[in-house]
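Visitor: A single structure is presented below for examination.
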Amino acid sequence: MASEEEAAAAAKLERLLQWLQALQYSSNPLSYFFVNKVELRGCNIKYCGQNKGFGVFSSNDVSDGVLLVVPLDLAITPMRVLQDPLVGPECRSMFEEGEVDDRFLMILFLMLERLRNNSSWKPYLNMLPTTFGNPLWFTDDELLELKGTTLYRATELQRKRLLSLYEDKVKGLVQKLLILDGDLESEVCFEDFLWANSVFWTRALNIPLPRSYVFPQVQEDQDSQSSLSIDSGVSHSDISAGDLTDRKDEETKALLISGSKVPGVDGQFNETVWVEGLVPGIDFCNHDLKAVATWEVDGTGMTTGVPHSMYLLSGSILNEISCFSHDIFAHLTRKAEKTSFQMEKEITISYGNKGNEELLYLYGFVIDNNPDEYLMVHYPVEAIQNAPFSDSKMQLLEAQKAEMRCLLPKRLLAHGFFPAGTTSNDDNGKGKSEKICSFSWSGQRRIPSYTNKLVFPEEFLTTLRTIAMQEDELFKASSFLEELVGSEGVRQPTDTEVRTAVWEACGDSGALQLLFDLLQTKVMNLEENSGTEDCDTELLEKAHDVKNIEQCESKDTDESGHYKFMSRNRWSSIVYRKGQKQLARLFLKEAEHVLHLSLSEGE
């Protein structure tokens, strides 16, 4: 007999399936109504349990491998929000003036539609989680488990930023929109905004859309005024929306506002516009390192028979679709392994090669023994300002486009001095650091013997060399550059020339000592509040003795002081910080060994 929870989930799912085929109102004045017409050709959506929510499962074999087709009319995109009769007029001027970005538009739309009593999006929104596993949702006790990690400080700052954004822009605007909608009773709270923010970051996709689809009327106008086209040889990649962590694309923003032609982009490449959005149906696919499916966009309808659609493609036929490569709108954006079709098997996609830090921060889950784990190391700018000769060093750092932080992927260790226990996804050795210089001005500085085993990125090492330079080394570097460009300074030295001059003047020892100190401090910070990696291993072993790791944590402890029950958030935190401690120790070992080699070679 189905539990109350399962019965409620089944009722939600039934309403969603009806909605996916329903007639919907469109705010686009060119098409007031459209049919969602989502096609589940080889899959079903099923409930996976309280902690996993809903997932997509195979139902029957399909010869072309197309499991699910979703018309992009159903996607929640910035264009939809700006065209919405309720939200659009209020947000358009804010967006045009740069007060908010396109992500803000979608988060606001999600929040408002969740609060509206008569929202047509209710069947979809009711299927989404009500809480999330990312650190923004942690209790104070759970957040303390992250203390000493990069995520701890990042979460504190993000909470403050979101709360400020909510108070300054969101709360009043949503209240105003609800009143305009005739709703005088709904109360607006920060948790609603936090929910919408988490829905966006856990479910949004970067979608390559045909420009004629995004701006149909504008495209018609431009077709009749082709003499206005501009051609400067810029490819379509210049309007990419970028990654999920740091993107500000003014040209794409201009497109969203007015649909105007992107300056410098012309010809067939101008047909693709990258837009972030949520695609109901596709977004119920969960993540797996060994994904069995991928999603693509079908701009012409050649693959699915449904123009301007997104479809889910079985990994078992990925090698058979090369014949469609000429369709510039079909863009492979998720990797999948070739997998034989299995009935009732969950259909998973890959969110990308992400470490636990990114997975936990964005999606709210971690992977034990994640092969894509990485360690972030940075040198604080304020420390340079207090260092000797800070002005001269800052000038050199700016000239060489210095990187003040670096990511150290786990896979780099496979190329180092202590590769045991590590695996490499890089058969060509691309992860190895390469020296930027192959010559010496003085003829005395030789390439160190350890170069081919050095696992640390050259870009970050040259930053540390500059920071660690002594007065005489600064003078040498300046002399080398003056010799190169002339005393009159007829030209500016390139960033590569500056990096080479710095290495020639001071070698590696100072940088490696500084790197060793940074990594040692990293280890100390990670272990200060939660102990060593072995302590975390013991906690996780005890947690695995508990059958229900997801259930709420009991405050009862055993004889050794460990919790008898562990929450999912606490478990994720321990897995993440254990991986950070392991990488910090391994990279510290590499740095210490290379430092000794450098000193012994007189660097």
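Visitor: So which residues in segment 405-420 are open to solvent by 50 Å² or more (accessible area, probe 1.4 Å) and either in a helix (DSSP H, G or I) or among the aromatic types (Phe, Trp, Tyr) (or both)?
Guide: Once the filter is applied, which keeps residues that are open to solvent by 50 Å² or more (accessible area, probe 1.4 Å) and either in a helix (DSSP H, G or I) or among the aromatic types (Phe, Trp, Tyr) (or both), segment 405-420 yields 411, 417, 418.
Visitor: To continue, here is another question. Confirm whether residue 17 is within 14 Å of residue 281 (Cβ to Cβ), modelled with pLDDT of 85 or more and either open to solvent by less than 20 Å² (accessible area, probe 1.4 Å) or of a type in the set (Ser, Thr, Tyr) (or both).
Guide: Against the criterion (within 14 Å of residue 281 (Cβ to Cβ), modelled with pLDDT of 85 or more and either open to solvent by less than 20 Å² (accessible area, probe 1.4 Å) or of a type in the set (Ser, Thr, Tyr) (or both)), residue 17 does not qualify.
Visitor: Oh, and also: Which one is nearest to residue 355 (Cα to Cα) among residues in segment 278-303 that are part of a loop (DSSP other than H, G, I, E, B) and open to solvent by 10 Å² or more (accessible area, probe 1.4 Å)?
Guide: 289
Visitor: Identify the residue in segment 143-183 that is within 22 Å of the chain's Cα centre (by Cα) and of a type in the set (A, V, I, L, M) and, among all such residues, is farthest from residue 520 (Cα to Cα).
Guide: Per the stated criteria, the residue is 165.
Visitor: Return the total of residues in segment 459-515 being hydrophobic (A, V, I, L, M, F, W, C), outside any helix (DSSP H, G or I), farther than 18 Å from residue 387 by Cβ and under 38 Å from the mean Cα position of the chain (by Cα).
Guide: The number of residues fulfilling the criteria is 0.
Visitor: Suppose the filter is outside any loop (DSSP other than H, G, I, E, B), of a type in the set (D, E, K, R) and at pLDDT 85 or above; does residue 147 pass it?
Guide: No, not satisfied.
Visitor: Quick test for you: out of 63, 58, pick the one residue that is surrounded by fewer than 20 Cβ atoms within 10 Å (Cβ to Cβ) and among the hydroxyl-bearing types (Ser, Thr, Tyr).
Guide: On inspection, the qualifying residue turns out to be 63.
Visitor: Related question: Could you tell me whether residue 402 is within 20 Å of the chain's Cα centre (by Cα), part of a loop (DSSP other than H, G, I, E, B), under 30 Å from residue 579 (Cα atoms) and modelled with pLDDT under 90?
Guide: When the stated conditions are applied, residue 402 does not pass them.
Visitor: Given the conditions (1) part of a helix (DSSP H, G or I); (2) small (Gly, Ala, Ser); (3) at pLDDT below 75, which single one is not true for residue 164?
Guide: Condition (3) is where residue 164 drops out.
Visitor: Hey, another quick one. Given the residues 37, 46, 52, which is the only one that is at pLDDT below 90, closer than 30 Å to residue 569 by Cβ and outside any helix (DSSP H, G or I)?
Guide: The unique qualifying residue is 52.
Visitor: While we're on this one: Under the condition of being assigned to a loop (DSSP other than H, G, I, E, B) and under 15 Å from the mean Cα position of the chain (by Cα), which residue from segment 357-384 is surrounded by the fewest Cβ atoms within 10 Å (Cβ to Cβ)?
Guide: 372
Visitor: May I pose another question? Scanning for something among the β-branched types (Val, Ile, Thr), touching a residue at least 60 places away in the same chain (Cβ under 8 Å) and more than 20 Å from residue 359 (Cβ to Cβ), does segment 188-201 turn up at least one residue?
Guide: yes
Visitor: Condition test on residue 471, is it in contact with a Pro (Cβ under 9 Å, 6 or more places away or on another chain), surrounded by fewer than 14 Cβ atoms within 10 Å (Cβ to Cβ), more than 19 Å from residue 589 (Cα to Cα) and in contact (Cβ under 8 Å) with a residue 12 or more places away in the chain?
Guide: yes
Visitor: Can I ask one more? Among the residues of segment 124-144, what is the count of those that are open to solvent by 30 Å² or more (accessible area, probe 1.4 Å) and either of a type in the set (Asp, Glu) or over 22 Å from residue 367 (Cβ atoms) (or both)?
Guide: 6
Visitor: Sticking with this structure for a sec: Restricting the search to segment 521-535, which residues are assigned to a helix (DSSP H, G or I), over 14 Å from residue 583 (Cα atoms) and open to solvent by less than 40 Å² (accessible area, probe 1.4 Å)?
Guide: Scanning segment 521-535 gives no hits.
Visitor: Here is a further query. Return a yes/no flag: does segment 206-224 have any residue that is open to solvent by 30 Å² or more (accessible area, probe 1.4 Å) and either at pLDDT 90 or above or of a type in the set (Phe, Trp, Tyr) (or both).
Guide: Yes, because at least one residue in segment 206-224 is open to solvent by 30 Å² or more (accessible area, probe 1.4 Å) and either at pLDDT 90 or above or of a type in the set (Phe, Trp, Tyr) (or both).
Visitor: Which ones in segment 388-404 are out of contact with any Asp or Glu (no Cβ under 6 Å at 6 or more places or on another chain) and open to solvent by 20 Å² or more (accessible area, probe 1.4 Å)?
Guide: The answer is 388, 389, 390, 391, 392, 394, 395, 396, 398, 399, 402, 404.
The values are calculated or read from the model by the stated rules, or taken from the named source; none is laboratory data. If you're wondering where the values come from, they're calculated on a predicted model, not measured in any experiment. FYI the Cβ positions are ideal-geometry reconstructions off the backbone, even for glycines, and counts take in every protein chain you see. Calculation scope for accessible area: heavy atoms of the full protein, side chains included, ligands and nucleic acids excluded. Shrake-Rupley method; radii C 1.70, N 1.55, O 1.52, S 1.80 Å.
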